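Only the coordinates and a few stated rules stand behind these numbers; no lab work does. These numbers come from a predicted model, not from an experiment. Every residue, glycine among them, receives a Cβ derived from its backbone with ideal geometry; neighbour counts consider all protein chains shown.
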Amino acid sequence: MSISKEQLDQSFKDKTYVELKDLVQLIEENFGFNVTLQRKDEQPTFTDEQKRRMTSVIFKDDGVLSQLHQAQKDRKDGISTYSDSEEEFAQLLKEVGNEK
């Protein structure tokens, strides 16, 4: 993805200064992205939708599911490698089951 210098000049031809909002608008209009900005020193925050998407992708990964099943087996065998909380682990397995 790119934009030519001519296109850039055309987009900002009447501006003495290019503001950040102008750059965001240019990116969104020309590349089809939704852009959000955050200061470097702030911790990233995810929207509920982003969290749902990430969770769905993670729990559809065969490697992750395999590790969780192994942890479940280990727990049954008396080895707790995931968490000391039986309730927390059971909740995680329940949530994974709902993602399938």
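Listed by first and then second residue, the pairs linking a residue in the range 17-28 that is part of a helix (DSSP H, G or I) to a residue that is aliphatic (A, V, I, L, M), with Cβ atoms under 6 Å apart and 6 or more places separating them unless they lie on different chains, are 24/35; 27/35; 28/35. State all residues of the range 39-78 that are touching a Ser or Thr at 6+ places or on another chain (Cβ under 8 Å) and either in a loop (DSSP other than H, G, I, E, B) or among the hydrophobic types (A, V, I, L, M, F, W, C) (or both); if no residue qualifies, say none. Answer for the range 39-78, where residues must be touching a Ser or Thr at 6+ places or on another chain (Cβ under 8 Å) and either in a loop (DSSP other than H, G, I, E, B) or among the hydrophobic types (A, V, I, L, M, F, W, C) (or both): just 71.
Going by the conditions given, is residue 95 within 23 Å of the chain's Cα centre (by Cα) and loosely packed, with under 10 Cβ neighbours inside 10 Å? Walk me through it before giving the result.
Values: within 23 Å of the chain's Cα centre (by Cα): yes; loosely packed, with under 10 Cβ neighbours inside 10 Å: no.
In short, no.
The residues of the range 5-39 that are within 17 Å of the chain's Cα centre (by Cα) and not aromatic (Phe, Trp, Tyr), listed by number, are 34, 35, 36, 37, 38. Considering (1) closer than 17 Å to residue 95 by Cβ; (2) free of Cβ contacts under 8 Å to residues at least 40 places away in the same chain; (3) within 29 Å of the chain's Cα centre (by Cα), the lone condition that residue 63 does not fulfil carries the number (1).
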